[in-house]
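The values are calculated or read from the model by the stated rules, or taken from the named source; none is laboratory data. Here the structure is a predicted model, which is why all the values come from computation and not from measurement. Reconstructed Cβ throughout: ideal geometry from the backbone, glycine too, with neighbour counts over all protein chains shown. Each accessible area value is taken on the protein alone, full model and side chains, heavy atoms only, with ligands, DNA and RNA left out. Shrake-Rupley method; radii C 1.70, N 1.55, O 1.52, S 1.80 Å.
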Amino acid sequence: MTNENSRPKVILVVVHPDHDSATWGIARALEQGIRSDGSTTATIHDLVASGFDPVYGKADLAHHRGLSGLPADVRREQELLESAEVTVVLFPVYWWSMPALAKGWFDRVFGAYDDVSHGSPSAVRKLHLVALAGLGEGTFDRHGYKAALTTQTMHGIADYSRIGDASIEFLYDTESKDPAVHEQLIARGYEIGAEMAQRAQPAYDRVAV
């Protein structure tokens, strides 16, 4: 019998207050996709419900300056991430960027890693972001929003944090009234989950023999 604690794990961080939203519908499909291989566990971390404070405050700055220890709420978030092989973060696009809660979470949690890493690889092993856009892909490409958010997250967060395996994916038209579009989004969420389960497996398990 496989020990539950020994199975590869994916942490799914969801940043949206409405559980009836497209974001949460996709998140649930993604969770199902992760579990579909029967060997990978999935833990959903509802960042809104957790009450996490996104404001980078005096305690964070004191830790950065080496004057105090790590804030307890930040350490709890880090322990959750360190328990997983893959971290997936789902968020809606607000004002052509991520919501304030998601940005503050990166500021405080990933920023605290940088305080002590001194250029060493991050404790976060693999990172995948799913940005949910209410508008179509053409609008994002035409105005450079996709490129801007990709640079912000992949270079500004993942590369700076020395996360060797990182990616971002955009899912578009989440505000569409067409049921077929939502079915496609849910289906893609499931596929992403299955891909993340494969990504969580040890490298030797992915080698064909």
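Could you list, in sequence order, all residues of region 61-97 that are within 20 Å of Asp165 (Cβ to Cβ) and in contact (Cβ under 8 Å) with a residue 60 or more places away in the chain?
Leu80, Leu81, Ser83, Ala84, Glu85, Val86, Thr87, Val88, Val89, Leu90, Phe91
Looking only at helices (runs of 4 or more DSSP H) that lie completely in region 1-118, which have at least 2 residues being open to solvent by less than 20 Å² (accessible area, probe 1.4 Å) and under 21 Å from Phe170 (Cβ atoms)?
On the way: elements: 22-35, 47-50, 58-64, 72-82, 100-105, 111-117.
Of the helices (runs of 4 or more DSSP H) lying wholly inside region 1-118, those with at least 2 residues that are open to solvent by less than 20 Å² (accessible area, probe 1.4 Å) and under 21 Å from Phe170 (Cβ atoms) span 22-35, 100-105.
If a residue has to be in contact (Cβ under 8 Å) with a residue 60 or more places away in the chain and not polar (S, T, N, Q) to count, how many in region 29-60 make the cut?
Within region 29-60, residues that are in contact (Cβ under 8 Å) with a residue 60 or more places away in the chain and not polar (S, T, N, Q) number 8.
Using beta carbons and a limit of 9 Å, which pairs, at least six apart or on different chains, have the first residue in region 138-152 and open to solvent by 50 Å² or more (accessible area, probe 1.4 Å) and the second one among the hydrophobic types (A, V, I, L, M, F, W, C) and part of a helix (DSSP H, G or I)?
Asp141/Ala147; Lys146/Phe140; Ala147/Phe140
Restricting attention to region 119-137, which residues are open to solvent by less than 40 Å² (accessible area, probe 1.4 Å) and within 16 Å of Met98 (Cβ to Cβ)?
Listed by number, the residues that qualify are Leu127, His128, Leu129, Val130, Ala131, Leu132, Ala133, Gly134.
Given (1) in contact with a helix residue (DSSP H, G or I) (Cβ under 9 Å, 6 or more places away or on another chain); (2) modelled with pLDDT of 95 or more, where does Phe140 come up short, assuming only one miss?
(2)
Limited to region 157-197, what total is found for residues that are open to solvent by 40 Å² or more (accessible area, probe 1.4 Å) and of a type in the set (Ser, Thr, Tyr)?
2
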